[in-house]
Amino acid sequence: MRDTDNMEAEMEYDDGEEEPSFSDPEDFVDDISDQELLGDVLRDKPQEADGIDSVVVVDNVPQVGPDRLEKLKNVIQKIFSKFGKITNDFYPVADGKTKGYIFLEYSAPSHAQEAVKNADGYKLDKQHTFRVNLFTDFDKYMSISDEWEAPEKQPFKDFGNLRHWMEDSDCRDQYSVIYDSGERTGIFANDVKEPIEVEERARWTETYVRWSPKGTYLATFHQRGIALWGGEKFKQIQRFSHQGVQLIDFSPCERYVVTFSPLMDTKDDPQAIIIWDVLTGQKKRGFHCESSAHWPIFKWSPDGKFFARMTQDTLSIYETPSMGLLDKKSLKINGIKDFSWSPGDNIIAFWVPEDKDIPARVTLMQLPSRNEIRVRNLFNVVDCKLHWQKNGDYLCVKVDRTPKGTQGVVTNFEIFRMREKQVPVDVVEMKEGIIAFAWEPNGSKFAVLHGESPRINVSFYHVKNNGKIDLIKMFDKQQANSIFWSPQGQFLVLAGLRSMNGALAFVDTSDCTMMNIAEHYMASDVEWDPTGRYVVTSVSWWSHKVDNAFWLWTFQGRLLQKNNKERFCQLLWRPRPPSLLTQEQIKLIKKDLKKYSKIFEQKDRLSQSKASKELVDKRRTMMEDYRKYRERAMDMYNEQRPLRLELRGVFVFSGGVWTIIGEKN
Amino acid sequence: MRPILLQGHERSITQIKYNREGDLLFSVAKDPIANVWYSVNGERLGTYNGHTGAVWCVDVDWDTKNVLTGSADNSCRLWDCETGKQLALVETNSAVRTCGFDFSGNIIMFSTDKQMGYQWEILKVAKEHTKQINDIQSSVDLTMVISASKDCTAKLFDSTNLEHIKTFKTERPVNSAAISPIMDHVVMGGGQEAMEVTTTSTRIGKFEARFFHAAYEEEFGRVKGHFGPINCVAFHPDGKSYSSGGEDGYVRIHYFDPQYFDFELEA
């Protein structure tokens, strides 16, 4: 080992310069606190054991005599040593029996807190339910002042009508646009002529944005957390501090937000995933998270009452608003691979792969009862994917199997009919590899893209009431790798995104006709508006650096607008809250639709002619101004004619007079 | 419209110019040859040989007597138009990017990459574009100039005071623009720079020349046909045809159909 004394002497600089001094100047005061530099190390600094912080008081302990004392102590030891090392215990005695309460001291205050959290309410037997409290709490509760001070009233923050955008007289939907490679975010109202800018801010978000499921809030991402914006003027409604947040998810009812950050997690204080209450801004609960590969990690039941996540061999279901485990324990399901909630009911579907002799199976479980309402065994399974229909009417399980004796993989669709008794299952066998699958929202059809490039086919199936699943139509030689159904059903767009250069096909599935075939070169995204009237195809700067734009089409495939935006990144339609109309009201409106459509058509015609009149007027003024300018220019041009002729040797100026040499210009 | 295809260059076209009467069309490219063609039928009249590098610019005087070319071989050469003989050579210290005759044909100008060391009296500066300007052309009567820029716009200026009059917007960088001598139209050609294109549309001949109405700033037509970005456009002095030279090495001469002259935007 080198002698460090000689290090300085050995340090030499090539040009013989003196070694620079690295010490701080004489009067330098460090402006960074120890806490900032070594926060995590300081956290582990051994605290002076105050003693009383680690003590708990346990009440409702059985009162026993000295003969049973040893047994009691063992029981207590067994129960309470789960939370930490018990360093001291004290069983006060009176009249030969224990008093009924005891003191336990742990090696650290955190253990005492654990004990309080978990053992309080522990039922030892019918007559004895432990009450566990921190010793310090007694002190606190004893010294509550007699005077009760009412908490200060917080001023009411009026954010205005959070559903303001729904009141637009022309029923325009809004969408968010991120462009300038993320520098600018704008909210536009969708008008057929051209987008109307509602709000536009620079650096509104640092990465991207998300709408809440009912469209009430816009969430923006920042280094320090998430901000929620809403109302007519998009004021900031709420802020959640979660350093380094990367992903978020909303509960379907918009009451809770789940945020994920890979930075914040520590062993004692789970902070990777945090669930927040949207209205109060409170942190409700934190969770650990190993990887965010399959976001959202927590899946919500459609009514927001439960949320669940899957870890190794376990399905943990939590209930709101307590954020505690349903029935206080997780479900042990060996080998569980995937699960999802029905979008319509509190039912979870999950599947488990083959285990030695037990075949793979898909299970439907009702919650909170945990009844398994259906189990389906599957054989020779390689993989499964769960696809729910939007209302929860059907579940499709795409099963990839390797039948015995063969090498290849075939795919079946197991269709579960959720609305029928006993949930019957029908099987549709597919002869080719599956590229995409999608249910019709609000309907009972589904579309499948199958085959291999370049021979890709699309098939439409109808799940009939009589137990049959019919193939309605198949189109072959399609340039498509994704299916986008209209949110109202019936219409869909087949798109060949990215590598397939943006080929688009607009299909009406009521009679399976191709309404229009078009192309948006290098399109990377397709987004339907929430009403199903318009489709936006876009080329995002994140996937292609040229020609970034979003195009607006009608649902029939007629191109309405091409909007070029400098380095356009993302467009998201603002979702609509569910309709407030009852079924009867909707039926009435559909009956009178002819009457309403006449009024709307007239309105459209008026606005069209107004637009063309505006355009015509604008052009007229532009032309007039231009003409005037040209007249002025031509006057000057004519004045300069002699000069020009002179330059080209046609005119000569002598004796104060211009004479023409030879007419040439 | 019927296009005439001129194939005379082995590399991409850098500039094309009509002479004053419009019967001749001069084209230069990144190969060392300058060509001159009959614009009525596309027949080649001759070539001017002598440059040893890419020829960036060309001009012809008002009388179609002399031709001027500037090249990457650090020289600017004067040629006799009719015989093709090289009359003069001006050596420079770097590539010559633009060159031209004055109105009388007696004075020539050229500019190079590096500073020339001459002091010019700058009469007016107009900074309207946000990215580099690729081309400037004036109208036939010299009252207006149009500039084409990489910022995807072309702008029309008054030539006496450089007042910015109109802007024409596209989604692709504009390499060249020209003003029609007889109609209120401008034509623009452009496209993504060859270096920056990583994927191009597989459709053949997608690169288009775009026509805008000069007063309304609205696009009303496009002409397809080039296989690469268009580097230079020019109107025939009589306004009845126009030409474009592209990255693909072809020059295309287009004669307008009668409908072009009758076309009117609703106003």
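The values are calculated or read from the model by the stated rules, or taken from the named source; none is laboratory data. These numbers come from a predicted model, not from an experiment. Note: ideal-geometry Cβ built from the backbone for every residue, glycine included; neighbour counts use all protein chains shown. With ligands, DNA and RNA removed, areas are computed over all heavy atoms of the protein, side chains included. Shrake-Rupley method; radii C 1.70, N 1.55, O 1.52, S 1.80 Å.
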First in the range B:85-104 and within 14 Å of chain A (Cβ to nearest Cβ), second anywhere and exposed (fewer than 12 other Cβ atoms within 10 Å of the Cβ) and not aromatic (Phe, Trp, Tyr), Cβ under 8 Å, 6 or more apart: B:Phe101/B:Ile107
Criterion violated by A:Ser597 - all others in (1) among the small types (Gly, Ala, Ser); (2) within 30 Å of B:Ser104 (Cα to Cα); (3) modelled with pLDDT of 80 or more satisfied: (2)
Index of the failed condition, A:Arg620 passing every other in (1) charged (D, E, K, R); (2) within 9 Å of chain B (Cβ to nearest Cβ); (3) over 30 Å from A:Lys193 (Cα atoms): (3)
Residue check, B:Val60 β-branched (Val, Ile, Thr) and either under 16 Å from B:Ile13 (Cβ atoms) or touching an Asp or Glu at 6+ places or on another chain (Cβ under 8 Å) (or both): no
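Under the condition of being in contact (Cβ under 8 Å) with a residue 24 or more places away in the chain and farther than 20 Å from A:Pro302 by Cα, which residue from the range A:334-350 is least open to solvent (accessible area, probe 1.4 Å)? Walk me through how you get there before you give the answer.
Taking the range A:334-350 first, the residues in contact (Cβ under 8 Å) with a residue 24 or more places away in the chain are A:336-350.
Keeping just the survivors that are farther than 20 Å from A:Pro302 by Cα gives A:336-337.
Numbers: A:Ile336: 14, A:Lys337: 112 Å².
Checking each candidate, the answer is A:Ile336.
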Filtered residue count, the range B:19-45, keeping only those that are open to solvent by 20 Å² or more (accessible area, probe 1.4 Å) and more than 19 Å from B:Pro229 (Cβ to Cβ): 11
Restricting the range A:522-551 to residues that are among the hydroxyl-bearing types (Ser, Thr, Tyr) and out of contact with any Leu (no Cβ under 7 Å at 6 or more places or on another chain), the residue that is most open to solvent (accessible area, probe 1.4 Å): A:Ser543
Selected residue (criterion: nearest to the other protein chains (Cβ to nearest Cβ)) from residues of the range B:206-265 that are at positive phi and part of a loop (DSSP other than H, G, I, E, B): B:Glu217
Hey, B:Asn93 modelled with pLDDT under 90 and either under 25 Å from B:Gly22 (Cβ atoms) or open to solvent by 30 Å² or more (accessible area, probe 1.4 Å) (or both) or not: yes
Total residues in the range A:558-592, condition surrounded by 11 or more Cβ atoms within 10 Å (Cβ to Cβ), among the aliphatic types (A, V, I, L, M) and free of Cβ contacts under 8 Å to residues at least 12 places away in the same chain: 4
Hey, A:Glu200 open to solvent by 40 Å² or more (accessible area, probe 1.4 Å) and free of Cβ contacts under 8 Å to residues at least 24 places away in the same chain or not: yes
Given (1) outside any loop (DSSP other than H, G, I, E, B); (2) hydroxyl-bearing (Ser, Thr, Tyr); (3) exposed (fewer than 15 other Cβ atoms within 10 Å of the Cβ), number of the condition B:Ser111 does not satisfy: (3)
Whichever residue in the range A:220-255 is outside any loop (DSSP other than H, G, I, E, B) and touching a residue at least 60 places away in the same chain (Cβ under 8 Å) and, among such residues, is surrounded by the most Cβ atoms within 10 Å (Cβ to Cβ): A:Gly230
Lone unmet requirement of (1) surrounded by fewer than 18 Cβ atoms within 10 Å (Cβ to Cβ); (2) touching a residue at least 60 places away in the same chain (Cβ under 8 Å); (3) more than 17 Å from A:Trp439 (Cβ to Cβ) for A:Leu367: (1)
Wholly within the range A:63-160, helices (runs of 4 or more DSSP H) carrying at least 1 residues that are at pLDDT 85 or above and more than 43 Å from the chain's Cα centre (by Cα): A:66-80
